[in-house]
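Below is one structure, written out as structure tokens, with a few remarks after it.
The values are calculated or read from the model by the stated rules, or taken from the named source; none is laboratory data. Small disclaimer: the values here were computed from a predicted structure and weren't measured. Neighbour counts are summed over all protein chains in view; Cβ atoms, including those assigned to glycine, are modelled from backbone coordinates with ideal geometry. Ligands, DNA and RNA are stripped out before the accessible areas are found, and what is left, the full protein with its side chains, is counted by its heavy atoms. Shrake-Rupley method; radii C 1.70, N 1.55, O 1.52, S 1.80 Å.
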Amino acid sequence: MEDCLGSDDEYYYSDQDSLDGIENEDSDPQWIPPKGTTTKVITKESLLSAQKEDLRRVMDLLFLREHHARTLLIHYRWDVEKLFAVLVEKGKPCLFSEAGVSLVEHEDLDPPLPNSPVMCAICIEDVPSVDTTKMDCGHCFCNSCWTEHFVVKINEGQSKRIKCMAHKCNAICDESVVRNLVSKRHPHLAEKFDRFLLESYIEDNKRVKWCPSTPHCGNAIRVEDDEFCEIECTCGLQFCFSCLSQAHSPCSCLMWELWTKKCRDESETVNWITVHTKPCPKCHKPVEKNGGCNLVSCICGQAFCWLCGGATGRDHTWSSIAGHSCGRYKEDKEQNAERAKRDLYRYMHYHNRYKAHTDSFKLESNLKESIQKKVAVSEEKDSRLRDFSWVNNGLSRLFRSRRVLSYSYPFAFYMFGEELFKDEMTKEEREIKQHLFEDQQQQLEENVEKLSKFLEAPFDDYNENEVMDIRMQVINLSAITDTLCQKMYDCIESDLLGSLQLGIHNIAPYKSKGIEKASELTVCWVNKANNVDKDLRLHCGTSGGSTEPEQPSGSGSSDESGCSSRKRARKGALGGGFFDLNLPAEVIDKSDS
């Protein structure tokens with residue numbers, strides 16, 4: 001669904017420029033996504049590039065080889081900033097030991113001859129030294145045992161962090177050794193191993209997630225700032241980055257999960273059955289009482305007491321059942337029934353309004369085509385009014401505000417109910433906050449309905465003065481609804497959720513221009529010695545097991561200019577042009593050589 005909106009100033013001055021057609025969104029500045037978006041789309045082609053970018057930062061800072069840098073990043077879930085923070089706080093030795101990276105490679109002062117036998121501590125057999133492999137931690141075993149160990153770990157799904165076979169050794173095996181040994185006997189497992197390493201950038205990275213589109217578009221989304229945000233992928237799907245469900249603010253992820261489950265499972269219908277029926281003690285089917293007598297008979301023939309649900313005989317009087325006594329009448333049963341009935345009516349109240357606004361949103365989504373025809377007819381008229389961008393802006397604001405209004409009802413259902421925040425607020429505090437929220441909700445609802453009414457008006461049949469009046473109404477109502485939406489979000493974040501002790505409820509911030517559209521990732525593989533890395537070098541030094549960095553596979557030559565993921569790739573590579581991220585790594589290597 002289209003959801004790009006303009007700011008208040010843009011609404012008042014958008015008609016100074018001509019609009020060639022409502023479908024020509026590029027000509028309207030309100031429909032252009034903001035520059036410098038912090039959300040990036042990672043395609044299959046740019047996945048390797050995105051991974052190399054983070055690898056290069058760690059390799060340049062710590063002077064590590066690529067597989068050591070990857071081991072560190074996988075351990076810290078590809079959070080480069082957290083890795084740097086641990087480096088500053090605990091130092092390089094602690095950083096390496098926690099991630100399983102050997103500080104110093106062990107070298108034999110008197111290495112065995114190539115054909116001399118060496119006993120493998122795993123299989124207890126003598127094998128030629130050329131058929132053994134020693135890891136960075138210093139442990140040496142035969143290639144056959146290493147290979148079987150690697151195969152088992154890859155099949156178990158632990159290939160991203162395969163530890164040494166030695167007892168109590170936490171060192172991570174060199175991925176190049178794993179790849180070489182496994183590929184000789186099981187080429188398909190070597191490919192699986194490489195795929196796991198590549199996809200770990202997405203699977204283990206809290207800033208990167210797959211787009212939840214169905215069927216899957218093959219894209220992943222990377223956020224730079226807050227993970228509680230709503231994103232639009234290049235495939236057109238809008239979703240919550242935190243829980244990967246549809247965009248649902250101002251509902252929190254937990255509220256939306258509970259709401260969808262309640263609607264999907266029809267839990268309130270089940271609740272009604274629980275309150276108004278009793279299970280038969282014999283066949284366990286629900287039985288509804290249709291008379292005043294407390295002796296109830298099921299269709300299976302079993303008689304039972306309605307008060308306690310116990311099986312009985314059929315002999316009874318108006319006051320008692322023969323051979324059965326369940327004590328006095330308990331008032332809490334009546335209270336439970338009334339409470340369940342009240343909860344059902346409360347749910348129906350919020351669900352009906354949520355569904356009504358959701359249905360209105362679906363119907364209003366069809367307005368764009370009809371408005372396009374109205375604009376085309378109006379532009380053909382001999383009139384001074386030639387700019388109809390206010391229609392686009394008003395329609396976009398209507399979509400955005402209608403959706404906010406729709407999801408505000410599930411939010412209110414849980415915010416002011418007893419299911420989540422029973423012990424967080426007193427009854428008086430809950431009533432005050434509920435009145436405050438409902439006042440804002442009512443104001444937003446009134447203005448959204450007015451905006452919908454004016455946009456649906458047949459302005460193509462109106463004269464020029466009437467069109468100007470509608471234009472001013474739409475512009476003003478668009479600005480008002482935007483302000484009311486922002487105030488509602490501020491109220492939720494500050495006055496409602498912000499005052500709670502539990503910090504598990506976070507909502508995506510309100511954005512006036514709508515849900516942010518993710519842009520294609522642009523990465524150039526160059527030396528990224530930015531100011532942060534320089535400061536870390538000065539603070540931590542480069543001693544303590546440092547190793548000369550190796551060039552990442554497929555990284556090509558690097559210049560001294562540097563290029564971050566938020567900037568365009570600079571010239572000076574691949575013959576003076578830009579990096580083509582769609583090219584395979586080996587093609588770039590050949591071009592650089």
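Of note:
- Per residue, in Å², the accessible surface of the stretch 339-507 once ligands and nucleic acids are set aside, probe 1.4 Å: 49 Å²
- Hydrodynamic estimate: the Kirkwood radius of the stretch 126-264 over Cα pairs, inserted into Stokes-Einstein at 20 °C and 1.002 mPa s, corresponds to D of 118 µm²/s.
- Computed with every protein chain present, the accessible area of ARG314 is close to 130 Å² [probe 1.4 Å].
- Sequence of VAL208, VAL152 when ordered by accessible area, the most exposed leading, probe 1.4 angstrom: VAL152, VAL208
- Charged-residue dipole, Cβ positions (Lys, Arg, Asp, Glu), the stretch 49-99 about Cα centre, Debye nearest 20: 120 debye
- The stretch 339-507: equivalent-ellipsoid semi-axes (sqrt of 5 x gyration tensor eigenvalues, Cα, Å): 39, 16, 12
- Spatial separation of Cα centroids for the stretch 51-70 and the stretch 152-228, in angstrom: 16 Å
- Between the stretch 388-417 and the stretch 446-465, the alpha-carbon center distance in angstrom: 18 Å
- Packing around the peptides 64-75, 42-53, 284-295, taken as the average count of other Cβ atoms within 10 Å per residue, puts them in this order, highest first: 64-75, 42-53, 284-295.
- Placing R0 at 45 angstrom, the Cβ-Cβ distance between HIS435 and TYR462 gives a FRET efficiency of 0.65 after rounding to 0.05.
- For GLN246, distant residues with modelled amide H under 5 Å away: CYS240
- Of the whole protein surface, ILE172 contributes about 20 Å² of accessible area at a 1.4 Å probe radius.
- Element breakdown for the stretch 49-99 at a 1.4 angstrom probe: carbon and sulfur atoms account for 52% of the accessible area.
- Cβ-Cβ FRET estimate between GLU203 and ARG314, R0 fixed at 56 Å, reported to 0.05: 0.30
- Cα pair distances exceeding 18 angstrom across the stretch 201-263, given as percent: 36 percent
- Two-site label geometry, CYS169 and LYS368: point separation in nm, points 7 Å out along Cα→Cβ: 6.0 nm
- With all protein chains modelled, accessible area of SER249 [1.4 Å, Å²]: 10 Å²
- Two-site FRET efficiency, GLU493 against THR277, from Cβ-Cβ distance with R₀ of 45 Å, rounded to 0.05: 0.55
- Subset of LYS381/LYS517; LYS82/LYS511; LYS362/LYS513; LYS278/LYS341; LYS262/LYS422 violating a 25 Å alpha-carbon distance limit: LYS381/LYS517; LYS82/LYS511
- Considering only VAL208, LEU237, PRO128, the residue lying farthest towards the positive end of the dipole of the stretch 114-246 is PRO128, judged by Cα position with unit charges set on Cβ.
- Normalised Debye scattering of the stretch 49-99 at q = 0.21, 0.24, 0.33 Å⁻¹ gives log10 I(q)/I(0) of -0.64, -0.85, -1.58, counting only Cα atoms as equal scatterers and leaving out solvent.
- Working from label points 7 Å from Cα in the Cα-to-Cβ sense, the GLU288 to ASP423 distance is 3.8 nm.
- Distance between modelled label sites at MET348 and CYS94, nm, 7 Å Cα→Cβ extension: 6.1 nm
- Amide H contacts of THR132 (H built 1.01 Å from N, in plane; Pro and chain starts excluded): ASN143 sit under 5 Å, all sequence-distant by 5 or more or on other chains.
- Long-range Cα-Cα pairs in the stretch 106-202 (distance over 16 Å), rounded percent: 56 percent
- For the set ILE432, ILE231, ILE273, the ranking by accessible area, highest first and with no ligand, DNA or RNA atoms included, is ILE432, ILE273, ILE231 under a 1.4 Å probe.
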